Amino acid sequence: MKTLTLANIYELQGLKEEALDIYKEVLKKDPHNSDAKIAIRRLSGMRKKFLKVNQEMKGYFLKMDTEIEFNEFERWLLKTWN
């Protein structure tokens with residue numbers, strides 16, 4: 001059963017596209033569902049904002065497992081966002 005709770009769990013797990021699909025289904029069934037509307041706006045905005053994500057660093061992030069790698073990624077983030 002596709003519910004707001006399931007969509008929220010997907011979202012928390014980083015499965016943004018899956019969560020967005022469920023929020024849209026919830027909104028089709030209940031067009032006045034404000035929680036689904038807010039979630040769709042939030043996730044749609046995130047998707048647009050991160051279209052140009054650095055794929056190399058994304059791959060690095062997904063595979064890092066040492067403190068050295070974490071520190072290197074953190075330095076990259078700080079340099080990128082400042």
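By how many degrees, between 0 and 90 and to the nearest 10, does the Cα long axis of helix 67-81 differ from the longest principal axis of the chain?
With rounding to tens, the tilt is 70 degrees.
Measure of size requested: the Rg and Dmax of the chain, with Cα atoms as the atom set and Å as the unit; please supply both.
When restricted to Cα atoms, the chain yields Rg and Dmax of 16.2, 48 Å.
Taking only Cα atoms, what is the 0 to 90° angle, nearest 10, from helix 34-49's long axis to the longest principal axis of the chain?
In the chain, helix 34-49 runs at an angle near 30 degrees to the longest axis.
Kindly report the accessible area of the chain per residue (heavy atoms of protein chains, probe 1.4 Å, no ligands, DNA or RNA), in Å².
On the way: 6740 Å² over 82 residues.
Per-residue value: 82 Å².
Once a ≥ b ≥ c are taken as the square roots of the eigenvalues of the Cα gyration tensor of the stretch 1-45, is the result rounded (a/c under 1.5), prolate (a/b larger than b/c) or oblate (a/b not larger than b/c)? Working shown, then result.
Details: a/c = 1.98, a/b = 1.30, b/c = 1.52.
Oblate, since a/c reaches 1.5 and b/c is not below a/b.
The values are calculated or read from the model by the stated rules, or taken from the named source; none is laboratory data. Computed from a predicted model, the values in this text were never measured in an experiment. These area figures cover heavy atoms from the full protein model, side chains too; ligands, DNA and RNA do not enter into them. Shrake-Rupley method; radii C 1.70, N 1.55, O 1.52, S 1.80 Å.
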